[in-house]
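Asks: Here it is, the structure in full.
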Amino acid sequence: MIGAMLGDMIGAPYEFDRGSKTKDFPLFSKESRFTDDSVMTAAVAEALLETQGQPDAVICAALIRSMQKWGRAYPNAGYGGMFIRWLFSANPKPYGSFGNGSAMRVSAAGWLYDDPETTRHIAMLTASVSHNHSEGIKGAEAAASAIFLARQGSSKEEIRAYITREFGYDLTQTCDDLRTGNRHNETCQVTMPLVFAAFLESSSFEDAIRNAVSLGGDTDTVACITGGIAQAYYGVPEQLAAEGRKRLPQKMCALAERVISG
């Protein structure tokens, strides 16, 4: 999970096409701060850790409670307009979103369960409390599935084949294909092919993050989702993890460690 949070922080300074779509950039600067992506990743992790083995209704109630608690604790982290209203609602309901927020917060679901069916089901629950559009749910399931497969030792080609078969994303385009025309877009439909191109073309955790940021657009979220998958596949170099921990609240770091340790 620290991989997702690192992606968020590294990508944040370049969001809204503030970068030059290059892989040659400093990984950390004074603008390398966590955003709503890391906050909601922690919130979902906390809820899932507390409710393992519980009924769906209990899990969903815990997800809502945890997301509202964390979101209200960090109200200026950069949430979308509809979601911040959801965070502060007395009676929050799903609102048909297919935004990439469903996929950026789901990392814990890819780590905590022992089979792909449960992983996908829990990922669906994490999305459905707010992002209940079919594309929002698909994005969450795809991200969690890729993490599950990667930590189980699947090859990149096996991951590519599964994601293509099960979710129908076009994973034939390369980073070079996608980079030129990509603009800031927060939908799962646009985000997930970017994520998988960045991961599938990478040679290391750091290279995956650099690929993601070089695509431009919604760089913090693309790099967050990519980082979650890349951690499961490559691991995270301790030097990068240490830099990330310097920039995260201790409670987020502790949750990340609990998720990975099972």
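Please treat every number below as a calculation from the coordinates, not as lab data. Note that the structure is a prediction, hence the values are computed from the model and not measured. Positions of Cβ are backbone-derived with ideal geometry, glycine not excepted, and every protein chain shown enters the neighbour counts.
Asks: Kindly write out, for the range 243-260 in residue order, the coupling ³J(HN,Hα) from the Karplus curve 6.51 cos²θ - 1.76 cosθ + 1.60 (θ = phi - 60°), rounded to whole Hz, with x marking Gly and Pro.
Replies: Result, ordered by residue: 4, x, 4, 4, 9, 10, x, 4, 5, 5, 4, 5, 5, 4, 5, 5, 5, 5 Hz.
Asks: Still on this structure: Just report the Cα centroid separation between the range 1-70 and the range 95-140, whole Å.
Replies: With the range 1-70 and the range 95-140 each reduced to a Cα centre, they are spaced 13 Å.
Asks: How large, in Å, is the range 60-209 by the Kirkwood hydrodynamic radius built from its alpha-carbon pairs? Provide the component values of the computation, followed by the final result.
Replies: On the way: mean 1/r = 0.0623 Å⁻¹.
Radius from the Kirkwood sum: 16.0 Å.
Asks: Treating the chain as a set of equal point scatterers at the Cα positions, no solvent, please give the Debye-formula log₁₀ I(q)/I(0) at q = 0.11, 0.15 Å⁻¹.
Replies: Relative scattering, expressed as log10 I(q)/I(0), comes to -0.49, -0.98.
Asks: Just the Kirkwood number for the range 35-99, please: inverse of mean 1/r across all distinct Cα pairs, in Å, one decimal. Mind showing how you got there, number by number?
Replies: Numbers: mean 1/r = 0.0824 Å⁻¹.
Radius from the Kirkwood sum: 12.1 Å.
Asks: Residues of the range 24-50 with backbone nitrogen within less than 16 Å of a virtual label 7 Å along the Cα-to-Cβ line of Thr118, please, listed as ranges.
Replies: 48-50
Asks: I've got another one for you. Restricting to Cα pairs below 8 Å that are 6+ residues apart, what does the relative contact order work out to for the range 2-261? Please round to a whole percent. Let's see the in-between values first.
Replies: Numbers: 470 pairs, mean separation 81.3, N = 260.
Relative contact order comes out at 31 percent.
Asks: Going by average Cβ neighbours within 10 Å, how do the peptides 126-137, 110-121, 38-49 rank, with the highest at the top?
Replies: Those peptides, ordered most packed to least, come out 38-49, 126-137, 110-121.
Asks: Students often get this wrong, so check it: of Lys30/Lys251; Lys93/Lys246; Lys21/Lys156; Lys93/Lys138; Lys69/Lys93, which have C-alpha atoms separated by over 26 Å?
Replies: Pairs exceeding the cut-off: Lys93/Lys246.
Asks: If I histogram all Cα-Cα distances within the range 1-50 using bins 5 Å wide from 0, what percent of pairs lands in each bin?
Replies: Spelled out bin by bin, the range 1-50 gives 5, 20, 26, 20, 13, 8, 5, 2, 0 percent.
Asks: Now for a different question. Considering amide H positions built from the backbone, and no H for Pro or chain starts, which residues 5 or more places from Thr187, or on another chain, come under 5 Å of its amide H?
Replies: Sorted by chain and number, the residues that satisfy this are Asn100.
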